[in-house]
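All remarks here apply to the structure that follows.
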Amino acid sequence: MINANRQLSRRRFLGNFAFASAAIAAGPGSWVIRPDWANAAEGPIRLGIATDLTGSLGFAGNTDANVARMLVKEINDSGGLLGRPIELLIEDTASDESVAVGNVRKLIQRDKVDLVIGGISSSMRNAIKDVIISRGKTLYIYPEGYEGKECTPSLFCTGPVPAQNCDQFIPWLIKNGGKRFALPGSNYVWPQTINAYARKVIQSSGGEVVFEEYYPLDQIDFSSTVNRIISNKVDVVFNAIVPPGVSPFFKQLYQAGFSKNGGRLGCVYYDENFLEMNQAHEIEGLASSLDYYKVLAAEDPVSARIQSAYDKQFPAKFRFSAGSAATGTYRGLKLWEAAVKEAGTIDRDAVAAALDHAKIAEGPGGPAEMAPGKRHCRMKMYIGVAKGGQYEIVARSAGLVDPKEC
């Protein structure tokens with residue numbers, strides 16, 4: 001979904017990647033993590049991770065790979081899956097579609113994996129899905145929150161989509177901000193699609209879209225936009241500008257007195273990692289809509305156990321958070337595990353049929369289930385408000401929220 005102006009070199013990757021010492025290099029951009037035991041008659045089940053370990057989205061991709069490492073260890077320590085250990089094979093998609101296609105092809109043709117999970121941006125998903133599904137005849141799970149509308153057979157999405165981000169959030173913004181909305185966004189598919197959905201919810205909820213604008217990904221001067229927001233007396237800025245622009249945009253809004261004069265910031269992707277991009281006072285009161293916040297660990301024993309296990313194994317800077325697809329990776333792998341157990345095989349079609357209605361009783365933020373026939377996931381959603389540089393949960397869905405996709 002998102003883009004970001006953060007770079008992670010191969011050297012920094014090897015120095016910071018939490019399980020580098022346990023990984024066996026298998027060529028440029030390739031790592032294999034073998035189970036401690038591999039004496040099953042049929043050999044290990046092979047799980048492929050295709051994610052951005054380096055490049056602009058390396059901060060998120062490393063987290064997702066760490067989550068896979070944690071869950072595979074848990075499964076193997078509990079006896080494996082169908083009595084077989086799981087071998088984890090990792091390919092760096094490097095935030096570069098041309099690099100990714102070649103590396104993902106290794107997972108399919110050389111390693112013959114039974115599942116691929118990964119991809120962060122929608123452009124990455126679109127670049128690698130044909131290699132995995134059509135040519136490779138392999139199951140694919142996409143874990144990131146995104147703009148929706150992906151209905152390809154054998155591709156299952158486990159992050160939140162616009163209906164889940166917006167249906168509860170926008171009425172809350174109207175009640176706790178006002179009816180006059182601005183929809184600024186970066187100029188690519190996710191902002192445009194989620195803003196189109198948001199506009200419908202705003203209007204059906206009694207709100208008004210004052211203006212909607214899109215900007216180059218590298219734009220950092222938003223003085224004209226800020227002036228337009230202030231002069232048009234906008235109540236709520238529903239932001240879809242992504243890094244690197246989002247930080248200067250929020251700073252310029254604050255300096256213009258937007259929040260001081262009662263304005264409300266809303267941003268559905270803004271997780272704990274992003275809170276540090278601005279001074280706390282610049283984003284005080286910002287509201288977000290996500291499937292998980294770290295503060296949930298204080299009230300939910302399952303979330304506390306997952307968060308604690310991750311922090312203990314991977315204490316470095318790659319944090320477990322919703323916006324990085326960490327929650328979607330966790331959810332996707334546990335749903336796949338449940339599907340394989342039900343199917344009693346790793347055959348793609350059999351597992352896909354079971355995954356279509358798979359459920360898990362426990363996960364970060366709560367239980368989850370696939371919406372039958374829709375290849376998207378029902379999950380709980382939460383509204384968080386930034387206070388003093390931390391999130392406080394102010395609203396939550398009554399149950400699992402339907403994705404309304406496919």
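The values are calculated or read from the model by the stated rules, or taken from the named source; none is laboratory data. These figures come from a predicted structure and were not determined experimentally. Note that each Cβ is placed from the backbone with ideal geometry, even for glycine, and that neighbours are counted across all protein chains shown. Surface accessibility is based on the protein's heavy atoms, side chains included, excluding ligands, DNA and RNA. Shrake-Rupley method; radii C 1.70, N 1.55, O 1.52, S 1.80 Å.
One table, with the values for the structure above:
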item	result
Residue match in the stretch 133-140 (condition: modelled with pLDDT of 95 or more and in contact with a Gly (Cβ under 7 Å, 6 or more places away or on another chain))	no
Selection count, the stretch 305-341, where residues are charged (D, E, K, R) and surrounded by 15 or more Cβ atoms within 10 Å (Cβ to Cβ)	4
Residue match in the stretch 259-268 (condition: without any contact (Cβ under 8 Å) to a residue 40 or more places away in the chain, within 16 Å of the chain's Cα centre (by Cα) and open to solvent by less than 20 Å² (accessible area, probe 1.4 Å))	yes
Enumerated strands (runs of 3 or more DSSP E) restricted to the stretch 34-133, each holding at least 2 residues that are open to solvent by less than 40 Å² (accessible area, probe 1.4 Å) and not hydrophobic (A, V, I, L, M, F, W, C)	45-51, 86-92
Filter pass, GLY323 being of a type in the set (Gly, Ala, Ser), out of contact with any helix residue (DSSP H, G or I) (no Cβ under 6 Å at 6 or more places or on another chain) and at pLDDT 95 or above	no
Some residue of the stretch 241-259 being touching a strand residue (DSSP E or B) at 6+ places or on another chain (Cβ under 6 Å) and either hydroxyl-bearing (Ser, Thr, Tyr) or at negative phi (or both)	yes
SER247 vs. criteria open to solvent by 10 Å² or more (accessible area, probe 1.4 Å) and closer than 23 Å to GLU144 by Cα	yes
Out of GLY245, GLY263, GLY257, sole residue that is small (Gly, Ala, Ser) and closer than 24 Å to ILE393 by Cβ	GLY263
Every pair of residues 6+ apart whose Cβ atoms lie under 8 Å, when the first sits in the stretch 283-301 and is free of Cβ contacts under 8 Å to residues at least 40 places away in the same chain while the second is open to solvent by 20 Å² or more (accessible area, probe 1.4 Å) and hydrophobic (A, V, I, L, M, F, W, C)	ALA297/ALA304; ALA298/ALA304
Residue in the stretch 297-316 that is in a loop (DSSP other than H, G, I, E, B) and within 17 Å of PRO143 (Cα to Cα) present	no
Residue in the stretch 178-201 that is modelled with pLDDT of 95 or more and within 30 Å of LEU107 (Cα to Cα) present	no
Of all residues in the stretch 198-208 being in contact (Cβ under 8 Å) with a residue 24 or more places away in the chain and buried (at least 17 other Cβ atoms within 10 Å of the Cβ), the one that is nearest to VAL234 (Cα to Cα)	GLY207
Evaluation of SER223 against (1) of a type in the set (Ser, Thr, Tyr); (2) open to solvent by 50 Å² or more (accessible area, probe 1.4 Å); (3) under 28 Å from THR327 (Cβ atoms) (one fails), failing number	(3)
Among (1) open to solvent by less than 10 Å² (accessible area, probe 1.4 Å); (2) more than 26 Å from GLU74 (Cα to Cα); (3) under 17 Å from the mean Cα position of the chain (by Cα); (4) not charged (D, E, K, R) - the single one VAL401 does not satisfy	(1)
Among residues of the stretch 358-377, those that are of a type outside the set (Asp, Glu) and open to solvent by 60 Å² or more (accessible area, probe 1.4 Å), counted	4
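Okay, residues lined up against (1) touching a strand residue (DSSP E or B) at 6+ places or on another chain (Cβ under 8 Å); (2) part of a helix (DSSP H, G or I):
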| residue | (1), (2) |
| --- | --- |
| THR329 | yes, yes |
| GLY332 | yes, yes |
| TRP336 | yes, yes |
| ALA339 | no, yes |
| THR345 | no, no |
| ALA353 | no, yes |
| HIS357 | yes, no |
| PRO364 | no, no |
| GLU369 | yes, no |
